[in-house]
Amino acid sequence: MENNNSRIHYEIAVERVKNIRKFYTSVVVFIIIFGVIYGIRFFKYGFSNLDHIQVSWIFIIWGLLLAIRGFKLFFLNSDWEKEMINKELKKQNNGNYSR
């Protein structure tokens, strides 16, 4: 059981690291695209006329989705999932698990 349990924990850790990498990649892409678009607008209008620089709804929604994804990834960790996996493994080892 210990070998199977450690393998499952390793797989969960690998999956979590992949999700964190994807999240950081998404944040970097967001920052680059946002910076390019609003950098161009800023250099076009400058400080004097900031009324022309309005944030697009696409960036607001995209930013909110990134925030929700980050919250789920970093604050709602996989402890619940680990507990359920351990319960299922105990059922399998006790013979109470039926497929």
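The values are calculated or read from the model by the stated rules, or taken from the named source; none is laboratory data. The structure presented is a predicted model; accordingly, all values stated were derived computationally and were not measured. Glycine gets a Cβ as well: all are built from the backbone with ideal geometry, and neighbour counts include every protein chain shown. Side chains are part of the model used for accessible areas, which takes the heavy atoms of the whole protein and leaves out ligands, DNA and RNA. Shrake-Rupley method; radii C 1.70, N 1.55, O 1.52, S 1.80 Å.
How many nm separate the modelled label positions at ASN5 and GLU88, each set 7 Å beyond the Cα in the direction of the Cβ?
1.7
For LYS91, list the lysines whose Cα falls under 28 Å from its own Cα; do not include residues on the same chain fewer than 8 positions away.
LYS82
Computing the accessible area with a 1.4 Å probe over protein heavy atoms, can you report the carbon and sulfur percentage for the stretch 1-42?
Percent of accessible area from carbon and sulfur atoms in the stretch 1-42: 67.
Run the simple label-point estimate for TYR24 and LEU76 please: 7 Å along Cα→C-beta, distance reported in nm.
Modelled inter-label distance: 2.3 nm.
Could you please put PHE23, PHE34 in sequence from largest to smallest accessible area, using a 1.4 Å probe?
Sorted descending by solvent-accessible area, the residues read PHE34, PHE23.
Could you work out how far apart the two model spin labels at LEU64 and VAL17 are, taking each label as a point 7 Å from the Cα in the direction of the beta carbon, and quote it in nm?
3.5
So what J values fall out for the stretch 32-44 if you push phi through Karplus, 6.51 cos²θ - 1.76 cosθ + 1.60 with θ = phi - 60°, rounded to Hz, Gly and Pro as x?
5, 5, 4, x, 5, 5, 7, x, 4, 5, 5, 5, 6
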